[in-house]
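Take a look at the structure below.
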Amino acid sequence: MKRNCINIIWLSFLSFHISGWSQNCFLEDWEPKTAQIPPSIESVQPGEDATVTITFETADTLGRVSKYIFGNAVATWTGNIGTDPVLLDHLQTLAPTFIRYPGGSWSDIFFWDTCQDNAVVGIPDSLIDGTTGNKDRFWPQHGANCGGNWRMTWDNYNEMRWEVDTQGLITVNYGYARYGTSEDPVAKAAHLAAEWVREDDGQTLFWEVGNENAGPWEAGWQIDPALNHDGQPEIISGELYGQHFQVFVDSMRKAATEIGVTIYIGAQILHYNARNDNWNPPNITWNEGVFREVGDAADFWVIHNYFGNNSTNPSVQLNAGLNGPKEMMNFIKQDIIDKGGADKPIALTEWNITAPDPVKTSIINGMQSVLVFCEMAKLNYGLSSRWLVANWDGDGMFYKGDDSSIPAWNPRPAFFYTTFLQKVTGDHVVSASTDNEDVSAYASTFSSGEAGVVVVNKGTTDHTIQLRSESFGMGDQYYVYSLTGEVIGDESENFPLGVNINGYGPDHGKGTWGPVEELESVEALAYPIFNSAKILSPARSVQFILVEDGENYVSVEDVPISPNSTHQKHHISIYPSPAQDFFQID
């Protein structure tokens, strides 16, 4: 069934230049954004010569920014946390544009409408662990709101969404279609998903069928054929998943039509070339089988990735965030062409860093997240769900642990970076470039006229940054939030746990990892535009910049000499903007 989605210009799979029209259901409810000029303190531009020049051109529009790239996820195993006032306060500040539920691998053993194991029809008492080949006791998980259910229930999740005022993404239980022991387990599992659509009654736009089902760690990757009644093979394949996806889609869309609501449903593909993936044979032909069997039935393609390859080198981690989204998009767009798949938007419905806990909990994770978010906006990803709202140690954005010296739901660095990133991300992404490989730059525009610029200094050298644009008329001021690391314990200086924002840092006496209590009071640094637009960018830092629109263009005829630059001396002039109308792509 073809969806009536808004057309968007996709970037070319090789050069990322504008290439053609493609449907994008994540822009169905796209709205223009109005920038919020922040409270600020008057500041003086740095007097040093620039060592880096960043050029952004609002005439070079790369596409609309999907608001759904700023999503997050909850796992039902963290408990009924959806009404905790402290956590809700943090989430309201973070303002995720949707929250995924009920989790990752638990999605494939999750029964949203039951309380007890004996309430589920047609399940075995054990499942095969595909990583070992052993049979293990099966522990189904339940989402009904009844006494004694310690998990995050369906109702509790909805309460969280209502309080945060956000959209949802639901991962339905596909594994049940494989390990179910009823006469028609696929129809049974699809019916369970359709009943969820009916119960949801239009609250949730986005749905995906299963979680990482090509992986041997997932329930249903390997089944006992002796318990199966519809002739399914022991090991899953992309072709089989695609056939089953069609059954799920038919049932779920029928349910949505009956109650008069719109939903969008995603199917899983791989984001990398798996033709030599001998450790997991289903991967080798997974995309080919999915593309062939799903056809045009999916609204979007689903991928997962954890960036960084367990490295303890900050540069490796940051470059993984810089390069990973582009590598995935390049591969997927080419694979769609090579294998005849339908051109659909890409949803990264689970992602974070891959690293030891000291790296996960440091500013390097926060900086990597900025790079990933910005690259996704630049490459026109439709949706992303960052893993995870809360966890004990490691990848949880908010701490859920037993250490009484740490405040409840203490935000980790990624919270601060993501919060301020959203303040300066507009509704259209535009081109931005830099003349230093250690400094990454991104730009976007607001329909209200302002421009947002993000500067990520990945290196170990402080820089003075010069902003320039020949197609954006700057106003009187630009506003800067600068986020840097602060060592607050015995952690490595390469991986600071603390975040400092314009001089506001962690409260060491209260055990916070950033300016939690002062967050609403943090003022932007407001710089007047005289004969330049410069900022300081310390080593391993991020600057979030909002530039007023106006009648002045900052033009750099040449580029400055500095001790760290190989370019020639420059002359900066500011002159009134001519009457120009720039073509913008919608």
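The values are calculated or read from the model by the stated rules, or taken from the named source; none is laboratory data. Note that the coordinates shown come from a computational prediction; the quantities given were computed from them, not determined experimentally. Every residue, glycine as well, gets a Cβ built from its backbone with ideal geometry; the counts of neighbours run over all protein chains shown. Ligands, DNA and RNA are stripped out before the accessible areas are found, and what is left, the full protein with its side chains, is counted by its heavy atoms. Shrake-Rupley method; radii C 1.70, N 1.55, O 1.52, S 1.80 Å.
With both bridge residues required to lie in the chain, what share of the DSSP beta bridges run antiparallel, to the nearest 5%?
On the way: 62 of 101 bridges.
Percentage antiparallel, nearest 5: 60.
Assuming charge only on the beta carbon of Lys and Arg (+1) and of Asp and Glu (-1), the dipole of the chain about its Cα centre is about 680 debye to the nearest 20.
For a protection proxy built on the mean count of beta-carbon atoms within 10 angstrom, sort 541-550, 467-476, 398-407, 219-228 highest first, please. Please report the intermediate quantities before stating the final value.
Values: 541-550: 23.2, 467-476: 20.2, 398-407: 13.8, 219-228: 18.6.
Ranked by mean Cβ neighbours within 10 Å, highest first: 541-550, 467-476, 219-228, 398-407.
Here's the picture: charge each Lys and Arg Cβ at +1 and each Asp and Glu Cβ at -1 in the stretch 54-197, and of V74, S105, L88 the one pushed furthest to the positive end of that dipole is S105.
Calculate for the chain the 222 nm mean residue ellipticity that helices alone would give, adding -39,500 (n - 2.57) per DSSP H run of length 4 or more and normalising by residue count, nearest 500 deg cm²/dmol. The partial results should precede the final answer.
Numbers: 10 runs with 130 residues, N = 586.
-7000 deg cm²/dmol, from helical runs alone.
Each pair of Cα atoms in the chain enters the Kirkwood radius, and Stokes-Einstein at 25 °C and 0.890 mPa s then converts it into a translational diffusion coefficient of 98 µm²/s. The solvent-accessible area of R161, taken with every protein chain present and a 1.4 Å probe, is close to 20 Å².
Set the Förster radius R0 to 45 Å, insert the Cβ-Cβ distance between N313 and D155 as r into 1/(1 + (r/R0)^6), and round the FRET efficiency to 0.05. Mind showing how you got there, number by number?
On the way: r = 44 Å, r/R0 = 0.99.
Efficiency computed from Cβ-Cβ geometry: 0.50.
Can you tell me the convex hull volume per residue for the stretch 349-461, based on C-alpha atoms, in Å³ to the nearest whole number? Let's see the in-between values first.
Working: hull volume 14.4 nm³, N = 113.
Once divided by residue count, the hull of the stretch 349-461 is 127 Å³.
How far is the Cα center of the stretch 35-100 from the Cα center of the stretch 162-235, in Å? About 33 Å separates the Cα centre of the stretch 35-100 from the one of the stretch 162-235.
Over the chain, with the other protein chains present, what is the accessible area per residue in square angstrom, probe 1.4 angstrom?
Working: 22280 Å² over 586 residues.
Dividing the accessible area of the chain by its residue count gives 38 Å².
Using Cβ point charges alone (K and R +1, D and E -1), the dipole size of the stretch 78-174 about the Cα centre works out to roughly 200 debye. Of the residues G459, S440, T418, the one whose Cα sits farthest towards the positive end of the charge dipole of the stretch 368-502 is T418 (charges of +1 on Lys and Arg Cβ, -1 on Asp and Glu Cβ, taken about the Cα centre). Ranking G147, P216, S469 by how far each Cα lies toward the positive end of the dipole of the chain (charges on Cβ) leaves P216 at the top. Shown is the FRET efficiency for E518 and S471, computed with R0 = 41 Å from the Cβ-Cβ distance and rounded to the nearest 0.05: 0.65. The amide H of T61, built 1.01 Å from its N in the peptide plane, has I585 as neighbours under 5 Å, considering only residues 5 or more places off or on other chains. Cross-link check: pairs K33/K378; K378/K458; K333/K360 evaluated at a Cα-Cα cut-off of 23 Å; pairs beyond the cut-off: K333/K360.
State, as an integer percentage, the relative contact order of the chain based on alpha-carbon contacts under 8 Å between residues 6 or more apart. Display every interim value, and only then the final one.
Working: 1440 pairs, mean separation 109.0, N = 586.
RCO, the chain: 19 percent.
Taking label positions 7 Å along the Cα-Cβ direction at both N273 and V44, the computed distance is 5.6 nm, reported to one decimal. You can think of it this way: the chain between W217 and T461 has 83.6 nm of extra reach, that is 0.36 nm per residue less the Cα-Cα gap.
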